[in-house]
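Peer 1: I'd like to ask some things about the structure below.
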Amino acid sequence: MKNARVGLLLALSLMITAPAFAAPDQDQIEKGHKVYDKWCFPCHGTGLGKPGTDSLAARGQKPAVLEERTDLTVPAIKTFVRHGVLFMPMFRKTEVSDADLDAIAAYLTRNNKP
Amino acid sequence: MRVPPGVSASDFAEAIKQFQEAVGKEWVFTSAEDVALYRDAYSPLMGEPNELVASAAVAPDGVEQVQKVVKIANRYKIPIYPVSTGKNLGYGGSAPVLSGSVVLDLKRMNRILEVNERNAYALVEPGVSYFDLYRYIQEKGLKLWVDVPDPGWGSPIGNSLDRGGGYLMPQYRNHFDSHCGMEVVLANGEVMRTGMGALPAAQTWQEYKSGFGPWIDGMFSQSNFGVVTKMGFWLMPEPDAYLSGTVIVPRHDDLIPLVNTLNYLENTRVTNGMPDLASPLLGIPMLSEFAARFDQGATPFDRPQDAELTALIAKAGGNMSPELDDYAQKKGIGYWSCKLSFYGATKANAANWAYAKEKFSAIPGVKFEEGDVYKLPLTAEQREKVHKPQFGIPSLAMFSIGARSAMNPEPSTGHMWFSPIIPRTGEAIFEANRVFAQAAKELGLPFLNFNLPSTYWERAFIFIFAFPVVKDIETNKKNVASFRKLIQVAADHGWGEYRTAPVFQDAIMNTYSFNNHALLHFHETVKDAIDPNGILSAGRYGIWPKHVREAKS
Amino acid sequence: MRLPPGVSSADFADAIKQFQDAVGKEWVFTSDEDVDLYRDSYSPFWHEDEEPIPSAAVAPDGVEQVQAVVKIANKYKIPLWTISTGKNLGYGGSAPLLGSSVVLDLKRMDRILEVNDKNHYALVEPGVSYFDLYRYIQDNNLKVWIDPADPGWGSLIGNAVDRGGGRTPMRDHFDAHCGMEVVLPNGEVMRTGMGALPGSKTWQQYRYGFGPYVNGMFSQSNLGIVTKMGFWLFPEPEAYLTGTVSVPKRDDLGPLVAGLAYLMNSSIVLGTTSVASPLNFLRGDAELAALRAKPGGPSTQELEHYLQEKNMGYWSIELPFYGPAKVVAAQWEYAKEKFSGIEGATFKEGTLHRFPVDPKELPQFQNSVAVGIPSLSVFGVGGTRSEGHVWFSPIVPMTGEAVLEAQQVFADAYKEMGMSIGPLFFLGPASNYPRCFLVLFGFPIEHDVEKNKKNRENFKRLIKVAAEHGWGEYRTHTAFMETVMDTYSFNNHALRRFHETVKDALDPNGILSPGKCGIWPKSMRKASA
């Protein structure tokens, strides 16, 4: 039930904010979730042995898990994926296509406040 | 647009057009922005004029497309550089050895063609990653384990061809050794299958390695003789159970009998997992503890805090010191330890461990710690706790090395591995430490303390350590120069590297010089015969095509 | 004196003189009497003109002498046929494939250069036999085993480069090698793996070295002469135990073999085992003969019933276990548990042997090769029926279905060829290689030209039948190498054409073992098929 309510709230917020920015649709978010699980989760997910999460935590980033963030911007996500940072390498378009990257960005900004 | 060396701009433009026709326009990358994605993220030459970079990238989606690309490259004599997943960071990533080469990116060829549970093998394409194969096996509920290297996003084909290693039973953790059957696109664009695959109706391509006549698969490892487009791998059946136990010995010199006994036990298959050496006294952690310690907010390399001990370690400087022995005895801290892993039936594991303890008991003062006992498969909770690669689970935890942490506020931007092979004896570990500590001192390297070797290979040690790659060009330059020195120091002592990043491939191949470089000349003769235009991976592992060799000399 | 093809008698005489200068007069054999000793005792061409007899033999005593011989051969374009101990009877012995080649006999190079029982390896020359190395280890009281091929007089190097197999945990002989020294066709010496690093400390510990791993190119090939080779040895284990699993029904073969594959792939069974059926050795039994004589042959149920009455399983496998006494017992117990899923499976435990083995126990071993002791007992297979044999040796998948299919296919093929599978002996399917079954058919060789001719035709027919079913030979007698290589034809013989390109580049004069495994130098190559 709880999830249904969250979903409804999300849908409402999307409707309300729709005029303000191009709202990613639910399919795009779901696709982004899948791509994220494949390409980002092994380093940025929850649980032990996640160097990306550990590194962000060590920098004092809260929350350290990317999926829990609400402050990531689409350009920032794209910059990190295409340029890398510290020991994180950049990703080629045969790995994460531009379309995949749009989906990841949609997923990671899904909870952002407008 | 950058143009490959020796190719005219008009020829290159024509070739690009033909590449586009072969693989589709969207899979030929030529914009600076797209081509930059093929840079080696951990390049020690990053930002320097001599950084190894591509001119373009082409990503075919099947063997016929690979053939077409190779034929076009021959027509215009364009150097092409195949990568599988291009993720062997620390060994070169997706950047070519010869700047201006066109990267042949095989990532889109990511089909898992067969996984056979009964005979425990898989047949895959080069773009398949360990994560992909693992997920496939999980989804189908097959009782098979994949032997994974540290970076789970690597390609079983790419890693195997680079002769990488993993963590399960010896016959699986040597990744080239565990392959069975190849399909290769040759430099002339023809497709060839090796082993039993040469038999058109073959039923045992993934069951018998060498077929009939010369067994040539090894020629395609660490080489530039062909583009491997399919490869079979032997997988490990999921064992019934896992058991670990740790052997702890008190004195410095006990490392010698510790290793000798370990060799006996491994070579008779009493212990069949990857042995994990550590030093409780010197604060050198086990590999399997590495990620876990990092998660706990400690760097895996933290040193003991006791001032007396710190001083004693500094004084010993990697050498034998009776005072350190005394300290270890006094405090009851083990000098060395080795965790043994056992895969198999519950009772056999227990009996093997009991026998191992009996054998190690010949070392006076030896102690044993019982480790983990798992009935397999692991529960979800256990999975979180364990060192994943030892259970065939891919991960990226090893990238914690050099990463930012509470203990390491100055994170690096990457690393390069220095990885000489040394004999599997305690004496060799001591000698290597003496030699490299001395060299590090002379070179002013701050990061090389006592090191314990990795045990990926069943009959030799890899004395592996990481050089950091940082943002500062001058520091990187100095590290590259030091790396080159160490290659020579190692060679002078009869130790050669098993693998290296493109920047150092010439230097290392040069040390394998028996009888006036007979082996390299042999490779060159073969290279010229099977790739007369020298289009494939020029310079890879020190093998250059004729026209480049002639231009150089 | 015979002359090698395309070589003038003056040139040959010069070459012989130079060979004599290189290795010593007494080690160049040219008289018919001496050269005849290099004929294949098991030649399928016995008494025929086609029999490939060498023109001479040269026996160097060291790598420099090998180099000298190779350089002379290049000068006069004389084909050399290299042998180590020349004792792989059934696969060609010491005779060349191309008649009138000069045999390069490496038997005198029989030095055991190192045996290390801490890191468990040996470095040897090609003339060293399993018997030699075994004796050396015994004399020096070293705690390591060798893995002998069935014929103990074979060469470790020769058998490994022919990719032969044994029975202990180190039984894949090519796979168990580590490091080579090779004299190339141009006469240069090359070392592979870590041996390329001068002063290397790990030549016998890490096999790949740096860059392309080329060792496999020198197996079943004619690209170089291997003059030294390292081998990994198995440290003497505490104990050895065998246990036999028998299953009652024909269809039980599937789960039986699946269980075996699991145990082998899990390193629980570490040695060679083979699938056996009492129906093979009960051929003389009158009751079985009567069943077989029935029109249409016996039904599966009748055979199963017949065996049940005799208290025998339809199939059995004997599992070898190596390790500590308590471990081998635990492994056998686990194996029994695994196979108990097959209804009616029965188990019989063998004797537990501890090492070093008491010499009094030796006769208890049906084949001591399984515990690292070389023998010649395999030559019992031909018995008194023939003057030798050649092996037909296809690789089939390690599944029950494949074994049943192969049995049917080969029985039918024999029938069609007007032969009965009866008088021919059949070994296996055996797990000399870890992931597949090797099936061995011994073809008798007789001193009867007509019979041999027919046998050769039948042999070639079987090669084709096997290939049609996706089964290729892992090795073959020189007489059939070309036919076998012809079956490995994927993409218009891409693999052979690759070998030819490499051969021409490395051996432009085509002097090394022309025709070996179907690889001919350019000058002798027939127009592409």
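Peer 1: Determine which lysines satisfy two conditions relative to B:Lys478: a Cα distance under 16 Å, and not lying fewer than 8 residues away in the same chain.
Peer 2: Cα-Cα hits under 16 Å: B:Lys441.
Peer 1: By per-residue mean of other Cβ atoms within 10 Å, what is the highest-first order of C:100-113, B:374-387?
Peer 2: Output ranking for C:100-113, B:374-387: C:100-113, B:374-387.
Peer 1: Give me Rg over Rh for region C:112-235, both radii from the alpha carbons and Rh done the Kirkwood way, two decimal places.
Peer 2: Values: Rg = 13.6 Å, Rh = 14.4 Å.
That ratio is 0.94, to two decimals.
Peer 1: Please sort C:57-65, B:79-87 by packing, taking for each peptide the average over its residues of neighbouring beta carbons within 10 angstrom, highest first.
Peer 2: B:79-87, C:57-65
Peer 1: For the cross-link pairs B:Lys367/C:Lys143; A:Lys62/B:Lys143; A:Lys78/B:Lys25; B:Lys71/C:Lys503; B:Lys209/C:Lys526; A:Lys93/B:Lys77, which exceed 32 Å when the distance is taken from alpha carbon to alpha carbon? Let's see the in-between values first.
Peer 2: Working: B:Lys367/C:Lys143 26 Å; A:Lys62/B:Lys143 39 Å; A:Lys78/B:Lys25 23 Å; B:Lys71/C:Lys503 23 Å; B:Lys209/C:Lys526 29 Å; A:Lys93/B:Lys77 26 Å.
Violating the 32 Å limit, Cα to Cα: A:Lys62/B:Lys143.
Peer 1: So for region B:129-176, considering every pair of alpha-carbon atoms, how many percent are separated by more than 13 Å?
Peer 2: When every Cα pair of region B:129-176 is considered, 53 percent fall beyond 13 Å.
Peer 1: Still on this structure: If R0 is 56 Å, what FRET efficiency do you get for C:Lys415 and C:Lys25 from their C-beta distance, rounded to 0.05?
Peer 2: The pair C:Lys415/C:Lys25 has a calculated efficiency of 0.50.
Peer 1: While we're here: Along the three principal axes, how long is region C:1-149 when you take its alpha carbons, biggest first, rounded to the nearest angstrom?
Peer 2: Principal-axis extents of region C:1-149 (Cα, largest first): 54, 34, 22 Å.
Peer 1: Given 10 Å bins starting at zero, what is the percent of C-alpha pairs of region C:68-147 in each, up to the one with the largest pair distance?
Peer 2: 17, 37, 26, 17, 4
Peer 1: Quick one: what does P(r) look like for region B:30-123 with 5 Å bins over all Cα pairs, in whole %?
Peer 2: 3, 13, 20, 21, 16, 11, 8, 4, 3, 1, 0
Peer 1: Mind putting together the pair-distance distribution for region B:241-376? All Cα pairs, 10 Å bins, whole percent per bin, short to long.
Peer 2: Each 10 Å bin holds this share of Cα pairs: 12, 39, 33, 14, 2.
Peer 1: Next up: Could you give the alpha-carbon Rg of region B:148-252 over 2.2 N^0.38 Å, rounded to two decimals? Each step should come with its number before you reach the end.
Peer 2: Working: Rg = 17.0 Å, N = 105, 2.2 N^0.38 = 12.9 Å.
The value comes to 1.32.
Peer 1: How long, wide and thick is region C:454-501, going by the Cα atoms along their three principal axes, in whole angstroms, largest first?
Peer 2: 35, 23, 16
Peer 1: While we're on this one: Please list, in order along region B:234-245, the HN-Hα scalar couplings obtained from phi with the Karplus expression 6.51 cos²θ - 1.76 cosθ + 1.60 (θ = phi - 60°), rounded to whole Hz, x for Gly and Pro.
Peer 2: Per-residue couplings from phi come out as 7, 10, 9, x, 4, x, 5, 8, 10, 9, 10, x Hz.
Peer 1: Give me the percent of accessible area attributable to carbon and sulfur for region B:69-152, probe 1.4 angstrom.
Peer 2: Exposed carbon and sulfur together represent 46 percent of the surface.
Peer 1: Okay, moving on. How much mean residue ellipticity at 222 nm does the protein assembly as shown get from its helices, if each DSSP H run of length 4 or more adds -39500 (n - 2.57) and you divide by all residues, to the nearest 500 deg cm²/dmol?
Peer 2: That comes out to -10500 deg cm²/dmol.
Peer 1: While we're on this one: Just counting partner chain Cβ atoms within 10 Å, what average do the residues of peptide C:496-505 show around their Cβ?
Peer 2: Mean partner shielding for this stretch: 5.
Peer 1: Sticking with this one: Search the structure for amide H atoms under 5 Å from the amide H of B:Gly245, placed 1.01 Å from N in the peptide plane, and list their residues when 5 or more places away or on another chain.
Peer 2: B:Leu340, B:Gly371
Peer 1: Mind checking the dipole of region B:162-207: about its Cα centre, +1 per Lys or Arg Cβ, -1 per Asp or Glu Cβ, Debye to the nearest 20?
Peer 2: Charge dipole, region B:162-207, about its Cα centre: 100 debye, nearest 20.
Peer 1: Let me ask something additional. What total accessible surface area, summed over both chains, is buried at the interface between chains C and B, computed with a 1.4 Å probe and given in Å² to the nearest 100? Spell out each step's value before the answer.
Peer 2: Working: alone 23460 and 23370 Å², together 38340 Å².
Accessible area lost upon association: around 8500 Å².
Peer 1: Using only the alpha-carbon atoms, how far is helix C:400-416 inclined from the longest principal axis of chain C? Give it as 0 to 90 degrees, nearest 10.
Peer 2: 70 degrees
Peer 1: Next up: Could you give the dipole magnitude of the protein assembly as shown about its Cα centre, charging the beta-carbon of Lys and Arg +1 and that of Asp and Glu -1, in debye to the nearest 20? Walk me through the intermediate numbers first.
Peer 2: Details: 119 positive and 132 negative charges, 387 e Å.
Here the protein assembly as shown has a charge dipole of around 1860 debye.
Peer 1: Hey, got the Cα dimensions of chain C along the principal axes, in Å, largest first?
Peer 2: Principal-axis extents of the Cα atoms in chain C, largest first: 74, 56, 45 Å.
Peer 1: Give me the orientation-averaged projected area of the Cα convex hull of region C:239-368, in nm², one decimal. Mind showing how you got there, number by number?
Peer 2: Details: hull surface 35.6 nm².
In nm², the orientation-averaged hull projection of region C:239-368 is 8.9.
Peer 1: In whole Hz, with x marking every Gly and Pro, tabulate ³J(HN,Hα) for region C:157-163 from phi via Karplus 6.51 cos²θ - 1.76 cosθ + 1.60, θ = phi - 60°.
Peer 2: Working through the residues one at a time gives 5, x, 5, 5, 6, 7, 6 Hz.
Peer 1: How much of the pair distance distribution for chain B lies past 32 Å, counting alpha-carbon pairs only, in percent?
Peer 2: Considering chain B, 47 percent of its Cα-Cα pairs are separated by more than 32 Å.
Peer 1: For region B:379-503, compute Rg over Rh where Rg is the Cα radius of gyration and Rh is the Kirkwood radius from the inverse mean 1/r over Cα pairs. Show your work: numbers first, answer last.
Peer 2: Working: Rg = 16.3 Å, Rh = 16.2 Å.
Ratio of gyration radius to Kirkwood radius for region B:379-503: 1.00.
Peer 1: So, one more: Residues with amide H under 5 Å of B:Phe225's amide H, sequence separation 5 or more or different chain, H placed in the peptide plane at 1.01 Å from N; which?
Peer 2: Hits under the 5 Å cutoff: none.
Peer 1: For B:Gly414, which sequence-distant residues (separation of 5 or more, or a different chain) have an amide H within less than 5 Å of its own amide H, given hydrogens modelled in the peptide plane?
Peer 2: Hits under the 5 Å cutoff: B:Val469.
Peer 1: Ordered by residue, what ³J(HN,Hα) values in Hz, to whole numbers, does region A:93-101 give under the Karplus form 6.51 cos²θ - 1.76 cosθ + 1.60, where θ = phi - 60° and Gly and Pro are x?
Peer 2: Per residue, the Karplus-derived 3J(HN,Hα) values read 6, 7, 8, 10, 6, 4, 5, 4, 5 Hz.
Peer 1: P(r) tail for region C:389-480, what percent of Cα pairs lie past 19 Å? Working shown, then result.
Peer 2: Working: 1492 of 4186 pairs.
Summing the P(r) tail past 19 Å for region C:389-480 gives 36 percent.
Peer 1: Still on this structure, I have one more. Averaged over every viewing direction, what's the projected area of the C-alpha convex hull for the protein assembly as shown? Give it in nm², one decimal, please.
Peer 2: Computed as one quarter of the Cα hull surface, the answer is 50.0 nm².
Peer 1: Among C:504-511, C:245-252, how do they line up by average Cβ neighbours within 10 Å per residue, starting with the highest?
Peer 2: C:245-252, C:504-511
Peer 1: Can you give me the accessible area per residue for the protein assembly as shown, using a 1.4 Å probe, in Å²?
Peer 2: Solvent-accessible surface per residue comes out at 36 Å².
Peer 1: To test your reading of the geometry: what angle, between 0 and 90 degrees and rounded to tens, separates the Cα axis of helix C:63-76 from the longest principal axis of chain C?
Peer 2: 70 degrees
Peer 1: Expressed as an acute angle from 0 to 90° and rounded to the nearest 10, what is the orientation of the C-alpha long axis of helix C:449-468 relative to the principal long axis of chain C?
Peer 2: Roughly 70 degrees, rounded to the nearest 10.
Peer 1: Roughly how crowded by other chains is peptide B:518-528, in terms of the mean Cβ count from those chains within 10 Å of each of its Cβ atoms?
Peer 2: 6
The values are calculated or read from the model by the stated rules, or taken from the named source; none is laboratory data. Computed from a prediction, not measured in an experiment: that's the story for all the values here. Note: ideal-geometry Cβ built from the backbone for every residue, glycine included; neighbour counts use all protein chains shown. Remember, those area values only see protein heavy atoms, side chains included, never the ligands or the DNA or RNA. Shrake-Rupley method; radii C 1.70, N 1.55, O 1.52, S 1.80 Å.
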